[in-house]
Amino acid sequence: MRSFLTDGRGDILVAVAAGWFLSIGVRLAYPVLLPYLRESYGLDLTTAGLLLTALWLCYALGQLPSGLLADRFGEGNVLVASTLLSAVTLGLVAVAGSAPVVYLATGAFGFGTALYGVARFTTLSDVYPDNDGTAIGVTMAAGQVGNTLLPLAAGGIASAFAWQYGFGLAVPAFALVAVGLWFVVPARTSGATSAVDSVSLETVRYVLSELRRPEIVTVTAIQILTYCVWQAFTGFYPTYLIQIKGVSQGVATGLFSAFFAMGILVQPLTGQLYDRFGIRKSLPPVLGVVVVSLVALPVLEGFWPIVVGTVFLSSILGYGTITLPYMTSAFPSDMQGTGLGFLRTVYMTIGAVSPVAFGALADRGYFDEAYLALAGLVVVAVGLTWWLPPLAEE
């Protein structure tokens, strides 16, 4: 632990984790505030799902620019820019006076937070070359703290005052974190050379040749499936608990926060499993728990069975600390940001469709069946795991 935090690396880890705490935590406040947004703007489940799709689609589209900018201008600079842009656009969400403005500002906020996504992975892979799974797991666990506390706080503020305050109060927090990142994280953590210093046909061929490698194609397919599941599940779980399980808004918010609180334990653990056993031995059992939990969810009745089910459902939060370090390390260092950014754009763009599709099924009375369909996607992902070749360092 001492070597893990020495030479300024601990400060970098804390600063990057703080930014991720806000970035993901505020985005995951949307599902909790969705009933308030539906009431304010007359949204049904399908159009509410479209708002979530706008958020996550713009987040997806920002991944490739994030990687390109990180490789070109430096990881630290991109982290700071992302945090400042997030502060401005979230302020616009808070003061929006109509549904179209909320949709546009939400999309802009999603794009702003997207710039943080790739740069944080490549920063940690550079700073912790021998323990990137653990470092990323710790940072993602900080995100789960944000997912636990910020939706709970936003829901409480919305109940006591107005939903706009739940967003608005996070604006100065983003600005403060931007200052911390500026002073702590080096402007560039990767090497001085970059595959995208100049754009040429040879550069494009080089990037495409890496993207066609079997390990990249397979892990991307797994990531598409699991990300669709994560998006749809987290986007509608509070609404599902209220409409189908009959719990109150407060209880649904508390269970949603408990779901992410378990991620604080799950993600560092799965990160360590990846570091020790590699992806082929660590990913299938994690995804197996996800399958069983999703299949069991429709038949759970009563408060305590739902609590237990929520605990096991938190295994959904563990797959990323296994797949993402593998995906990052699979690329050469001179194009890690570009390669990872491109793949994140691909799987997140596809995954962003899942909330509106899930909402459309729910509107037609197939809420329970939609969760069984998600379980089927995870089963396919488990099967694909056997085609993953181990990396040299595994």
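Per-residue ellipticity at 222 nm computed for the chain from its helices equals -27000 deg cm²/dmol, with DSSP H segments shorter than 4 residues left out and the rest contributing -39,500 (n - 2.57).
Cβ-Cβ distance of Val14 and Leu265, R₀ of 22 Å, FRET efficiency by 1/(1 + (r/R0)^6): the value works out to about 0.70. In region 39-176, the portion of solvent-accessible area held by carbon and sulfur atoms comes to 73 percent [1.4 Å probe, whole percent, DNA, RNA and ligands not counted]. When Glu39, Glu369, Glu301, Glu215 are compared by accessible area of protein heavy atoms, the largest-first order is Glu39, Glu301, Glu369, Glu215, using a 1.4 Å probe.
Here the calculated FRET efficiency for Ala187 and Leu300, from their Cβ-Cβ distance with R0 = 41 Å, stands at 0.25, rounded to the nearest 0.05. Rounded to the nearest 20 debye, the dipole size of region 1-155 about its Cα centre is 220 debye, using +1 on the Cβ of Lys and Arg and -1 on the Cβ of Asp and Glu. If only the Cβ of Lys and Arg carry +1 and only the Cβ of Asp and Glu carry -1, the dipole of the chain around its Cα centre is close to 220 debye. Between Ala160 and Ala360, the contour length at 0.36 nm per residue exceeds the alpha carbon distance by 68.9 nm. Solvent exposure of the chain, expressed per residue, is 38 Å² of accessible area, with all protein chains present and a 1.4 angstrom probe.
Taking a Cβ cut-off of under 14 Å around Gln231, the surrounding Lys, Arg, Asp and Glu residues balance to a net charge of +2, with basic ones at +1 and acidic ones at -1.
Only one residue of Gly351, Leu211, Leu361 has its Cα farthest out toward the positive end of the dipole of the chain, where Lys and Arg carry +1 and Asp and Glu -1 on Cβ, and that residue is Leu361. Helix 201-211 and the long axis of the chain differ in direction by around 60°, with both axes built from C-alpha atoms.
Computed from Cα positions, the angle between helix 132-160 and the longest principal axis of the chain comes to roughly 30 degrees.
The heavy atoms of Leu50 present about 80 square angstrom of accessible area, all protein chains included, probe 1.4 Å. Cβ-Cβ distance of Gln243 and Trp387, R₀ of 56 Å, FRET efficiency by 1/(1 + (r/R0)^6): the value works out to about 0.90.
In this Cβ point-charge picture (+1 for Lys and Arg, -1 for Asp and Glu), region 230-385 has a dipole of about 240 debye about its Cα centre. For region 97-102, 3J(HN,Hα) computed residue by residue from phi via the Karplus equation (6.51, -1.76, 1.60; θ = phi - 60°) reads x, 8, 4, x, 5, 4 Hz, glycine and proline entered as x.
The values are calculated or read from the model by the stated rules, or taken from the named source; none is laboratory data. Given the structure is predicted, the values throughout are model-derived calculations rather than measurements. Cβ: placed from backbone, ideal geometry, glycine included. Neighbour counts: every protein chain shown. Accessible surface is based on the protein model in full, side chains and every heavy atom, while ligands, DNA and RNA are left aside. Shrake-Rupley method; radii C 1.70, N 1.55, O 1.52, S 1.80 Å.
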